[in-house]
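Enquirer: I have a structure I would like to understand better, so I am pasting it below and will then ask my questions one at a time.
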Amino acid sequence: MQSETVEQADEGEVGRCYVLDNVQRNYAVHEGGLLVKPIMKVGCTATAVELEDCQKGAWDLSDYLSRVAQNLRSKMTIGTLWNSIDWKNYHDIQALYVVKTLVEYIPSLKFHSNSISERFRTHPIAIHRIPDDRRTKIQPLGTNSEQEVEIHGMKRCIEDFDGQIGFTGAGADDRLLEWVSGDGASFAAIINLQKYLAPTSLGNRETLRNKIVTPEIWHTKDKALKAIAEEHFGPPTSADPSSLSKLYTLAGLKRPSNLKHCDHYPTMRGLELIWTAQILDCWRITLGVEELQTYFENLDTILLPSLETLISQASNIVSRYISICRYNRVLSSSTHSGVKVKELKVDCGTPWTSNAISNSPSEQSNQNNKHFDGNRSLANSILFKMQFGSLQLLKYAIRDGDVGQVIQQLRIWIFMFAGSAHQQYTSYLLELHCLLEYDSSPQLRKAIMDNLLIKFGLGCQEKDITQEHHNGRLEMMVDKSGGDFNGSFYRQVIAPNVDNFIKCTKNWETAFDMKTRSRSHTSPNNHPELRALQVEIKSSELHLFRPGRLYPEHIATDLLTNGYNRLGSEGKLKTFITKSSSRAKFIAAIEKEKKQLGNLYPLQDIQMNVDSASLPAPELHDNDSDSYSTSSNNSNSSIEEPESEMRKEVMRIYLGLIKQQAKMREIPVERKIFRRLNRIVR
């Protein structure tokens with residue numbers, strides 16, 4: 001692999017990227033003692049992924065740095081970010097997915113399945129798909145015992161993995177760009193590492209200027225699921241038919257004890273079940289029938305609706321029950337009655353009689369419900385179907401290999417994360433958006449999108465979920481090896497072959513007819529949980545407008561609108577641009593100074609001990625804005641300023657960062673450099 005990487009670098013190509021993640025294992029002590037204590041073994045692992053379909057010049061470092069230096073992201077506004085989403089395509093694909101839900105439930109409509117799948121794969125629904133014949137090649141790398149969420153630990157991790165792949169020996173630090181990805185914590189650590197190393201005299205590899213970093217999708221999807229769960233479960237004893245807690249109880253599902261750390265797959269299954277039940281009830285109302293199964297069973301084959309008819313009806317369902325516009329309409333009787341188009345107006349249900357309702361909890365005491373004449377339960381259900389529907393489309397697009405649709409859903413989640421409690425992921429996804437839209441050439445953008453997912457068989461998947469599968473086996477085997485993650489045998493034999501160990505297990509199960517069989521229901525109409533939910537949703541008239549219907553203990557948040565306001569009027573987007581643009585100004589100015597000053601400024605006099613244990617760990621989780629902050633004087637001036645002013649600004653930024661690092665990390669800096677910088681600044 002290393003020799004191949006060197007050969008590719010000689011030809012101006014980059015053949016691999018890698019995804020990294022932390023591994024940890026609690027080494028339990030079964031017989032205690034004074035000198036024997038449990039140990040948490042920690043480490044970092046990575047998987048190299050072979051890049052395919054990359055055009056010539058895609059990984060040109062000089063082109064990338066020149067685009068970053070132009071600071072085009074500074075022109076981004078809330079309007080351009082919003083308009084980067086193709087909302088018509090989003091409506092159309094949501095309608096097609098609603099049809100897919102009905103077709104999977106009704107046996108007599110199964111003949112539409114192939115046509116629906118084909119529509120998902122072709123224009124105008126599909127945006128940018130990975131080729132069907134793609135078979136991704138991966139190679140797990142040797143593990144180490146570094147803590148990758150710490151700055152100095154991440155630096156050593158990257159050096160280790162670069163050496164294993166062959167990047168270090170390729171000699172292309174000034175010519176080629178390299179790609180690394182990871183979960184949110186890893187992504188933030190690398191961003192902080194680039195910030196801390198920016199003002200040093202080290203080369204492109206040491207300062208990570210030749211690296212682009214992207215947040216991985218599975219962890220983003222998992223965080224989105226948690227954001228939805230926090231908004232829509234409500235109190236455990238809620239009587240609101242729109243609350244997930246009540247619907248979980250009816251379906252016999254276990255409510256997550258901690259919504260901030262709910263298990264991914266059980267929660268995803270439960271929410272999919274509830275979303276499907278609500279969509280089927282919307283179909284029941286749209287078709288004007290009492291029971292969907294009975295209705296379609298009694299239809300003659302020649303009377304079954306065509307796919308175009310179903311898509312047209314599904315479009316009305318999306319406009320009526322899965323849109324922000326309709327959410328705002330059902331919050332008051334006056335706005336609801338103002339809808340003139342019959343197909344878009346929610347039908348009225350029986351009058352709502354308010355029974356004894358518990359007092360509102362303190363966190364919702366600010367809601368003015370005294371004169372509320374809308375339908376809060378219906379509004380909650382609309383928000384749930386819209387938010388989880390976007391997550392469903394993201395999941396389907398990943399499986400189907402439509403990377404363009406994946407990027408579109410992630411752009412929508414920029415706004416939703418901004419409106420939720422997980423705002424750090426807004427910054428992560430904004431960085432991904434800026435990388436693709438402003439910092440990449442067309443060739444680089446295509447290379448990233450063509451390799452954002454990996455594909456081993458019929459379906460695609462995220463790189464980080466493959467890494468998680470490796471992590472599980474590596475963590476399990478470290479106890480049996482009797483060593484640490486950086487042990488020579490574990491590092492050179494076990495870790496590089498972990499994917500083969502997983503495949504061997506599957507092959508043996510298949511060979512001896514021991515393969516795990518699916519326990520899922522063979523037919524949705526026999527699904528007892530789904531039928532129980534349908535009965536409850538129908539009897540509670542959840543999708544009919546009942547003025548005054550309100551359960552004060554459960555009021556969901558419109559994450560999309562709330563996020564739009566936070567990014568726009570509250571200035572979150574402007575703050576992100578200001579903080580992230582400082583690196584672009586710094587790169588532009590330093591490149592210009594290097595050409596003009598020559599030997600005037602001896603950068604070699606500055607020495608940094610980047611492996612020092614005193615380097616601070618970044619704040620990765622609580623405050624995402626801190627993840628991108630610097631101690632520099634962030635100027636809003638353009639990089640097109642006069643040369644003298646640019647020079648002063650650069651030296652001012654440079655001097656501030658050097659002083660900060662010298663103070664924080666006790667880095668030796670000669671006095672003559674400070675005197676020279678101060679003279680230039682003054």
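Enquirer: Fewest Cβ neighbours within 10 Å first, please rank Lys340, Lys572 accordingly.
Expert: Taking fewest neighbouring Cβ atoms as first place, the list is Lys340, Lys572.
Enquirer: Listing Arg255, Arg329, Arg209 from the residue with the fewest other Cβ atoms within 10 Å to the one with the most, what is the order?
Expert: Arg255, Arg209, Arg329
Enquirer: So which of Lys137/Lys480; Lys385/Lys538; Lys56/Lys446; Lys155/Lys579 end up more than 19 Å apart, counting from Cα to Cα?
Expert: In this structure, Lys137/Lys480; Lys155/Lys579 lie more than 19 Å apart at Cα.
Enquirer: Please give the FRET efficiency for Thr335 paired with Leu304, using the beta carbon to beta carbon distance and R0 = 35 Å, rounded to the nearest 0.05.
Expert: Details: r = 37 Å, r/R0 = 1.06.
Computed FRET efficiency for Thr335 and Leu304 comes out at 0.40.
Enquirer: How much length, in nm to one decimal, is gained on full extension between Thr122 and Val36, taken as 0.36 nm per residue of separation minus their Cα-Cα distance?
Expert: Length gained between Thr122 and Val36: 24.8 nm.
Enquirer: Highest mean first, how do 129-135, 42-48 rank when packing is the count of other Cβ atoms within 10 Å averaged over residues?
Expert: Ranking, from highest mean packing down: 42-48, 129-135.
Enquirer: Please work out how much length the chain gains when fully extended from Glu50 to Lys260, using 0.36 nm per residue of separation minus the C-alpha to C-alpha distance, in nm with one decimal.
Expert: Details: separation 210, 0.36 × 210 = 75.60 nm, distance 3.50 nm.
Between Glu50 and Lys260, full extension yields an extra 72.1 nm.
Enquirer: Report the Cα centroid-to-centroid distance between region 98-177 and region 280-346 in angstrom, as an integer.
Expert: 36 Å
Enquirer: Can you compute 3J(HN,Hα) from phi for each residue in region 179-196, using the Karplus curve 6.51 cos²θ - 1.76 cosθ + 1.60 with θ = phi - 60°, rounded to whole Hz and x for Gly and Pro?
Expert: So the Karplus estimates, Gly and Pro as x, are 10, 9, 9, x, 6, x, 5, 5, 4, 5, 5, 5, 4, 5, 5, 4, 5, 5 Hz.
Enquirer: Also, I was wondering about something else. What distance in nm lies between label points placed 7 Å from Cα along the C-beta direction at Asn26 and Asn89?
Expert: According to this spin-label approximation, the distance is 4.6 nm.
Enquirer: How would you rank 317-327, 297-307, highest first, on the average number of other Cβ atoms within 10 Å across their residues?
Expert: By packing density, highest mean first, the sequence is 317-327, 297-307.
Enquirer: Over 18 Å between C-alpha atoms is what I'm after, so list which of Lys195/Lys226; Lys223/Lys455; Lys221/Lys503; Lys75/Lys572; Lys223/Lys463 land there.
Expert: Lys195/Lys226; Lys223/Lys455; Lys221/Lys503
Enquirer: Another question about this same structure. Rg and Dmax of region 1-40, Cα atoms, in Å?
Expert: Rg and Dmax of region 1-40, Cα atoms, are 21.5, 59 Å.
Enquirer: Rounded, prolate or oblate, given the Cα gyration tensor of region 407-559, with a/c below 1.5 counting as rounded?
Expert: Since a/c reaches 1.5 but b/c is at least a/b, the shape of region 407-559 is classed as oblate.
Enquirer: State the extension gain, in nm to one decimal, for the chain segment bounded by Lys342 and Asp132, taking 0.36 nm per residue of separation less the distance between their alpha-carbons.
Expert: Computed gain between Lys342 and Asp132 is 71.3 nm.
Enquirer: Once Rh for region 221-285 is found with the Kirkwood sum over Cα pairs, what is the Stokes-Einstein diffusion coefficient at 4 °C and 1.567 mPa s, in µm²/s?
Expert: 107 µm²/s
Enquirer: Go through region 1-110 and name the trypsin sites (Lys or Arg not before Pro) that are in a DSSP coil and have 16 or fewer other Cβ atoms within 10 Å of their Cβ. Don't skip to the answer; put the middle values down first.
Expert: Numbers: sites: Arg16, Arg25, Lys41, Lys56, Arg67, Arg73, Lys75, Lys88, Lys100, Lys110; in loops: Lys56.
Answer in residue order: Lys56.
FYI, it's all coordinate maths here, none of it is from the lab. What you see is a predicted model; the values in this text were computed from it and never measured. Cβ: placed from backbone, ideal geometry, glycine included. Neighbour counts: every protein chain shown.
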